[in-house]
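Every number in this text was worked out from the coordinates using simple rules, so none of it is lab data. All values reported here derive from a predicted model rather than from experimental measurement. Methodologically, a virtual Cβ is constructed for each residue, glycine included, from the backbone with ideal geometry; neighbour enumeration extends over all protein chains shown.
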């Protein structure tokens, strides 16, 4: 199974910046054993889709709504993402959970609808620093995975909230142990579990060496082409 290296740009990059980045990425050397996916902001999806036609680089969206259509101002449906050529969609990213206050029940609706429309959901799970210190890590992870249809092909991204943009990184061993625990919860070996949490050129190879880690969800470091291609080849 190919390792997945995903670039989550969050609320960054204009259309022009997207075009420049993807044009450069397409010229870069990408190992055969790696699958690369980019997750631009919605405004750049169309431009990215055109550039990635006939490319081995996959396109993903950062979010979607849990309805196919309707009076939901500002939301994006899976139909729209499919039309743009998206292969992946992030579901339940920690910033959606903790800043936008998305609930587990709504995240699970999104997950099911993504599967219906043959989008591959990248379900993000992880605990806060407070939850980890109080010994509730597994309770939190289990609640985030409860009721999830663990079908072949889906991706789970373990992103410890305490290690995102805080300067406090999880070790490769800690991440590997959590990936192993998640795999036991979902009881499926055919599902890729990737790690996201302040991934950088300095620590990426440590994570990728771990057998339990099937790839990386890269945030800030994915905004810089040089850093991102270094991670891909690490």
Exercise. Going by C-beta contacts inside 10 Å, put 59, 90, 25 in order with the fewest on the left.
Key: 25, 59, 90
Quiz prompt | Top of 46, 179, 93 by mean-square fluctuation, Gaussian network on the chain, Cα under 10 Å | solution = 46
Practice problem: Multiply the residue gap between residue 27 and residue 210 by 0.36 nm, knock off their C-alpha separation, and tell me the result in nm, one decimal place. | Solution: 63.1 nm
Exercise. Divide by every residue of the chain the summed helix terms, -39500 (n - 2.57) for each DSSP H run of at least 4, and state the resulting mean residue ellipticity at 222 nm, rounded to the nearest 500 deg cm²/dmol.
Key: -10500 deg cm²/dmol
Quiz item: Relative contact order (percent) for the chain, with alpha-carbon contacts under 8 angstrom and 6 or more residues of separation?
Solution: 20
Exercise. Using only the Cα atoms of the range 3-232, build the gyration tensor, take square roots of its eigenvalues as a ≥ b ≥ c, and label the shape rounded, prolate or oblate: rounded if a/c is under 1.5, else prolate if a/b is larger than b/c, else oblate.
Key: oblate
Quiz prompt | Between the range 28-84 and the range 155-197, the Cα center-to-center distance that results, in Å | solution = 23
Exercise. Taking 7 Å along the Cα-to-C-beta vector as the label spot, tell me the residue 2-residue 82 distance in nanometres, rounded to one decimal.
Key: 2.3
Self-check item: Extension reserve of the residue 224-residue 55 stretch, reckoned as 0.36 nm per residue once the Cα distance is removed
Solution: 58.8 nm
Quiz item: Once both labels are modelled 7 Å past Cα along the beta-carbon direction, what's the residue 67-residue 17 spacing in nm?
Solution: 3.2
Exercise. Go ahead and collect, in residue order, the members of the range 50-75 whose backbone nitrogen is under 18 Å from a label point 7 Å along the Cα-Cβ direction of residue 149.
Key: 64-69
Quiz item: Between residue 136 and residue 104, what is the label-to-label distance in nm when each label sits 7 Å out along the Cα-to-Cβ direction?
Solution: 1.1
